[in-house]
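Since the structure comes first, as structure tokens, the remarks are kept for the end.
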Amino acid sequence: MPTAPSPLLARPGAVVAEGVDTGVAAHYGDPMREQRLLDEGLAVVDLSTRDVLTIDGPQRLSWLHSMTTQQVGEVAAYDSRESLVLSPKGHIEHDLHLVDDGERTWITVEPGTGAALLAWLTSMRFLLRVEPALRTAEYAVLGEPIARETAPGDPAGQVAWRDPWPDLVGDTAAYGPVEHPAAGRRWRELLVPRGDLEGAVGDRPLAGTWAREALRVAAWRPRLGFETDHRTIAHEVDWLRTAVHLHKGCYRGQETIARVHNLGRPPRRLVFLHLDGSGHVLPERETPLTLDGRVVGRLTSVARHYLDGPIALGVVKRTTPVDAVLDAAGTAAAQTTIVSP
């Protein structure tokens, strides 16, 4: 994580985020307005707590291709990929937001996870001509939604990771047809020199992490460390959609990906939840989800959406009935299926 809080916390009304996002603003005084502006593509989010890594060397892409879940061996300049690093048993360890500028590969990962990823990458170098480095102290990340028609190109030299999540809408081979709420929307992460962070924002309105998280939850978008734990596999949280190539060669954890994909029975499944908003307080993430007094899962992300009200993501046992209304510490939680049982 950066050695100092973001300079954007000096903006009027800024309230520091808690947990893994500490160091940037949760909001700037008006969370619902910020969320609406962000949804309309008018605001930008400070994501400067995300770790930034670079990989130099002529073998960088083939090297990453051999170790991660996505097809990255021949990524075109400024094209984006999402890829996972798995444990030998197929559990998710890192979520890589990856873009190559033709000379260097840029990766952003969740706050505080960069050092562990760098250590693993360094251990896997062997005699290859690759140079991984942690660059969080030098570069920062800004997040913003962008219109689909402007997505293919950016100003020359602008490194930006474009989220592939909304592009793959419809039939996910593992689970059948899914009407996805993020259809037609695009999100990107801009990489800027840390010293230029304020200048890169300019006079655009700022939205806090509360706004970003509400839109993420509404889009059914999983987040490492929120929807995942030490035993999560990609099938459970719908990450086959964007982060796994099912027809590439061997990589660590591939046997689990292939086995569960062919059997079609992940032990748990991600669900979207509409929460009863009649109370003043919402249940917190990690609250157990129960059905008839039995624990069947847990809340993983909770938000107040400016249009949909209280919403959440949760992970439940595969066998939980899809039409059951669950209970989260006294709050009713109605399911929408994301990963089919």
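The values are calculated or read from the model by the stated rules, or taken from the named source; none is laboratory data. Values in this document were obtained by computation on a predicted structure and should not be read as measured data. Cβ placement follows ideal geometry from the backbone for every residue including glycine, while neighbour counts extend to all protein chains displayed.
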Checklist line | Residue identified as among the β-branched types (Val, Ile, Thr), farther than 30 Å from Asp39 by Cβ and touching a Lys or Arg at 6+ places or on another chain (Cβ under 7 Å) among Thr256, Thr320 | finding: Thr256
Next item on the list: List every residue pair whose Cβ atoms lie under 6 Å apart, where the two residues are 6 or more positions apart in sequence or sit on different chains, the first residue falls within the stretch 192-221 and is over 23 Å from Val20 (Cβ atoms), and the second residue, located anywhere, is among the small types (Gly, Ala, Ser) and crowded, with 23+ Cβ neighbours inside 10 Å.
Entry: Pro205/Ala43
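Considering every residue within the stretch 194-207, establish whether at least one is of a type in the set (Lys, Arg), buried (at least 23 other Cβ atoms within 10 Å of the Cβ) and part of a helix (DSSP H, G or I).
No, there is no match, as no residue in the stretch 194-207 is of a type in the set (Lys, Arg), buried (at least 23 other Cβ atoms within 10 Å of the Cβ) and part of a helix (DSSP H, G or I).
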Notebook entry, point to check: Of the residues Ala133, Ala207, Ala156, Ala214, which is closer than 27 Å to Arg104 by Cβ, small (Gly, Ala, Ser) and either at pLDDT 95 or above or outside the structural domain of Pro88 (by TED's automatic domain parsing) (or both)?
Noted result: Ala133
Margin query: Suppose we filter the stretch 41-90 for residues that are of a type in the set (Lys, Arg) and over 15 Å from the mean Cα position of the chain (by Cα); how many remain?
Written below: 2
Next item on the list: Of all residues in the stretch 31-57, count the ones that are in a loop (DSSP other than H, G, I, E, B), surrounded by fewer than 22 Cβ atoms within 10 Å (Cβ to Cβ) and modelled with pLDDT of 95 or more.
Entry: 2
Notebook entry, point to check: Within the stretch 71-90, is even one residue buried (at least 20 other Cβ atoms within 10 Å of the Cβ), in the same structural domain as Pro222 (by TED's automatic domain parsing) and part of a helix (DSSP H, G or I)?
Noted result: no
Margin query: Just checking, does the stretch 96-107 include any residue being within 18 Å of the chain's Cα centre (by Cα) and among the acidic types (Asp, Glu)?
Written below: no
Note to self: Going through Arg298, Arg269 one at a time, which residue ends up being closer than 25 Å to Lys89 by Cα, in contact (Cβ under 8 Å) with a residue 24 or more places away in the chain, assigned to a strand (DSSP E or B) and charged (D, E, K, R)?
What the structure shows: Arg269
Checklist line | Residue list for the stretch 211-269, restricted to those being within 27 Å of Asp46 (Cβ to Cβ), surrounded by 20 or more Cβ atoms within 10 Å (Cβ to Cβ) and hydrophobic (A, V, I, L, M, F, W, C) | finding: Ala211, Ala214, Leu215, Val217, Ala218, Trp220, Phe226, Val237, Trp239, Ala243
Note to self: Going residue by residue through the stretch 242-256, is there one that turns out to be acidic (Asp, Glu), over 19 Å from Leu273 (Cβ atoms) and out of contact with any helix residue (DSSP H, G or I) (no Cβ under 9 Å at 6 or more places or on another chain)?
What the structure shows: yes
Note to self: Regarding the stretch 229-241, can at least one residue be identified that is closer than 30 Å to Pro12 by Cα and not acidic (Asp, Glu)?
What the structure shows: no
Note to self: Please go through the stretch 270-312 and give me each residue that is surrounded by 20 or more Cβ atoms within 10 Å (Cβ to Cβ) and in contact with an Asp or Glu (Cβ under 6 Å, 6 or more places away or on another chain), ordered by number.
What the structure shows: Leu270, Thr300, Ala303
Margin query: Under 9 Å between Cβ atoms, which residue pairs at least 6 apart in sequence (or on different chains) link something in the stretch 11-27 that is under 16 Å from Gly225 (Cβ atoms) with a partner that is exposed (fewer than 14 other Cβ atoms within 10 Å of the Cβ)?
Written below: Gly23/Ala4
